[in-house]
1. Hey, F173 hits all of (1) more than 11 Å from the ligand (Cβ to nearest atom); (2) at positive phi but one; which does it fall short on?
2. Please go through region 96-106 and give me each residue that is within 6 Å of the ligand (Cβ to nearest atom) and more than 21 Å from the chain's Cα centre (by Cα), ordered by number.
3. Could you list, in sequence order, all residues of region 119-171 that are out of contact with any Gly (no Cβ under 9 Å at 6 or more places or on another chain) and of a type in the set (A, V, I, L, M)?
4. Scan region 80-112 residue by residue and report those that are closer than 20 Å to Y154 by Cα and touching a residue at least 60 places away in the same chain (Cβ under 8 Å).
5. From the set of residues in region 48-60 that are aliphatic (A, V, I, L, M) and either without any contact (Cβ under 8 Å) to a residue 12 or more places away in the chain or within 16 Å of the ligand (Cβ to nearest atom) (or both), which is surrounded by the most Cβ atoms within 10 Å (Cβ to Cβ)?
6. Which one of these is within 14 Å of the ligand (Cβ to nearest atom), surrounded by fewer than 19 Cβ atoms within 10 Å (Cβ to Cβ), closer than 30 Å to E35 by Cβ and at pLDDT 95 or above: R114, R132?
7. Would you point out which residue out of E124, E165 is under 23 Å from G30 (Cβ atoms) and acidic (D, E)?
8. Just one of (1) more than 10 Å from the ligand (Cβ to nearest atom); (2) under 18 Å from N72 (Cα atoms); (3) of a type in the set (A, V, I, L, M) trips up V160, so point out which.
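The values are calculated or read from the model by the stated rules, or taken from the named source; none is laboratory data. Worth saying up front: this structure is predicted, and the values here are computed from it rather than measured. Note: ideal-geometry Cβ built from the backbone for every residue, glycine included; neighbour counts use all protein chains shown.
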Amino acid sequence: MRNRTKTSKFLSLILRHRPQEIGITLDQHGWAKVEELLKGAEISMEELEEIVAADEKQRYSFNEDKTRIRANQGHSIPVDLELDEKEPPEFLYHGTIGKFLASIREQGLQKQKRQYVHLSKDVETAVKVGQRRGKPMVLQIAAGRMRTDGYVFYLSDNGVWLTKEVPASYIKFPG
Ligand code: HQG
């Protein structure tokens, strides 16, 4: 079997960003046909099921009869995950790195290449998100106040909070 982490990263690429890489398409809700994915990615159903079950962030979901699969969040291609609006806790967190702070102070948090700004429910998770890029810096987001002011929040099936943008006035910077 191919290295599991490598295959999982490849799956993220296909299911969030570039399905065309293996000649498949996602439907408007982000679902890929499992049969096509297995052929295109050259993996077995057993391998796919193992990756989905073992994924520490539960990044992927099958539909009920396992004929379709999608990523739970993180897309850059426009898909409608049909998530319900949800009331966030008073504070959420965003893990980033120092070199982005000046720009975030000016523009707030922007979704960049993805469909949403991704926010974490606790500091510990935000630290891990920031760590992917370097020394983590954690921003505290006044999510409750944003919601009161009319901003909309969603919670992905794997527990990531999503919103379209976070203006700088709702961000508490470290230090
Ligand atoms: C930064 C991972 C300058 C932002 C994680 C981040 C997450 C700005 C980067 C998920 C900015 C975007 C998403 C501004 C935001 N100026 N920089 N105005 N606004 N940024 O990868 O949140 O393992 O698109 O701080 O766990 O890092 O892939 O977002 O550093 O849940 O499943 O621009 O990806 O999950 O980077 O990560 P990303 P993210 P997976």
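1. (2)
2. So the first thing to find is which residues in region 96-106 are within 6 Å of the ligand (Cβ to nearest atom), and the list is 96, 100, 103-104.
Correct list: S103 only.
3. L119, I141, A142, A143, M146, V152, L155, L162
4. L81, L83, D84, E85, K86, E87, P88, L92, H94, G108, L109
5. From region 48-60, those aliphatic (A, V, I, L, M) are 48, 51-54; that's our starting set.
From what is left, the residues that are either without any contact (Cβ under 8 Å) to a residue 12 or more places away in the chain or within 16 Å of the ligand (Cβ to nearest atom) (or both) are 51-54.
Working: I51: 19, V52: 17, A53: 10, A54: 10.
That would be I51.
6. Working: R132 fails: closer than 30 Å to E35 by Cβ.
The unique qualifying residue is R114.
7. Numbers: E124 fails: under 23 Å from G30 (Cβ atoms).
Among E124, E165, only E165 is under 23 Å from G30 (Cβ atoms) and acidic (D, E).
8. (1)
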